[in-house]
Amino acid sequence: MINPESARRMACDAIVTRVSTRGPLGNDNRARLSPGNERYGAPPWLVDAMPTRLRGPSQPLDVGRSSRTATAAIRKALTVRDRGCVMPGCNAPPARCEAHHIIHWVDGGVTAVCNMVLLCLFHHHFIHKHEWRVTLHPDATVTIVPPLEASA
């Protein structure tokens, strides 16, 4: 346990990054994807519990189609949520992962936390090559389905 004075000293030089899922009125929003790419705010599994005086500036977690690659803010949110490669059994840390669009960019997918997951380089290429389907659920769990099961 850290005493308050030590915590203040450490926080003095810290860079604070706020990751929030609360809407402007404090309501919890759910991340949802539909065939039409409808998005309803940020997912509920990241809660902004920082005191107001310590909060940093807000950053967009949905840049739509203005950028194909994940921004630094989106990357940070993915790191907090996924904690590494989402492929079952893979333990690759976030630093060895890439941001994967669930609805692919070329198919009109947006660059947003609710349309992305972290995959290590191997699994990212594997999913694209073999056309596996990735589903991100509102509770932040991920289901990855092979092509034969996906078409059934």
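Readers should treat all values here as calculations from the given coordinates under stated rules, not as data from a laboratory. Computed from a predicted structure; not experimentally measured. Because the Cβ atoms are built from the backbone with ideal geometry, glycine has one as well, and the counts that use them run over all protein chains shown.
Counting other Cβ atoms within 10 Å as a rough exposure proxy, the listed residues 100, 130, 125 run 130, 125, 100 from fewest neighbours to most. Evaluating 6.51 cos²θ - 1.76 cosθ + 1.60 at θ = phi - 60° for every residue in the stretch 133-140, the Karplus couplings come out as 9, 10, 10, 9, 8, x, 8, 6 Hz, glycine and proline recorded as x. Each other residue within a Cβ distance under 15 Å of residue 82 adds +1 if Lys or Arg and -1 if Asp or Glu, for a net charge of +3.
Charged neighbours of residue 118, selected by a Cβ distance under 12 Å, balance to +3 (K, R count +1; D, E count -1).
Here 2, 144 are placed in order of increasing Cβ neighbour count within 10 Å, fewest first, which gives 2, 144. Going from the residue with the fewest nearby Cβ atoms within 10 Å to the one with the most, 141, 71, 111, 135 rank 141, 135, 71, 111. 3J(HN,Hα) along the stretch 116-128: 9, 9, 8, 9, 5, 3, 4, 5, 4, 5, 4, 5, 5 Hz, from the Karplus curve 6.51 cos²θ - 1.76 cosθ + 1.60 with θ = phi - 60°, whole Hz, x for Gly and Pro.
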